[in-house]
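Below: one structure, written as structure tokens.
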Amino acid sequence: MTLIPICSTNDLPEGSRKTVNVEDTPVLVLHVDGSYYAIEATCPHQSGPLGQGIVLPKLEATFVSAGKRLEESFSETILTISCPWHGWEFDLSTGAHCGDSEVTLSTFEIVEKEGELFLKSP
């Protein structure tokens, strides 16, 4: 297991984010709701900058037919990030696209040691 240094926990306060390069791949590191997340920083649709996207709970709905919902609510456990260019949404924990299971971004584990953050290399 290789640990790649990211920064001090003081340098990534709650609500902040930064992009680091891992083997020539930009990776977005976020500190949201007390947890750290790391996900590929480039949207696969048209290479949009996920680092500029909005983080929100996943919208969940029960559908009865195309476009007809019985109910909808925001997840209490799943956070997503939306690409600012065209709104593609990805689960921060798994990298899965919220509407197409064929589309997935890589995610990485973050390790905290003695006040420092590291990205666990695949």
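No value in this document is a laboratory result; all are computed from the given coordinates. Nothing here was measured: the structure is a model prediction, and the numbers come from that model.
Identify which of Thr19, Thr62, Thr42 has the largest mean-square fluctuation in a Gaussian network model of the chain, with springs joining Cα atoms closer than 10 Å.
Among Thr19, Thr62, Thr42, the largest mean-square fluctuation in the Gaussian network model of the chain belongs to Thr62.
Of Thr80, Thr25, Thr107, which is the most mobile in a GNM of the chain whose springs link Cα atoms less than 10 angstrom apart?
Of Thr80, Thr25, Thr107, the Gaussian network model singles out Thr25 as fluctuating most.
What would the Debye equation give as log₁₀ I(q)/I(0) for the stretch 7-62 at q = 0.26 Å⁻¹, counting only Cα atoms as equal point scatterers?
-1.11
Along each principal axis of its Cα atoms, how long is the chain end to end? Whole angstroms, biggest number first, please.
50, 28, 25
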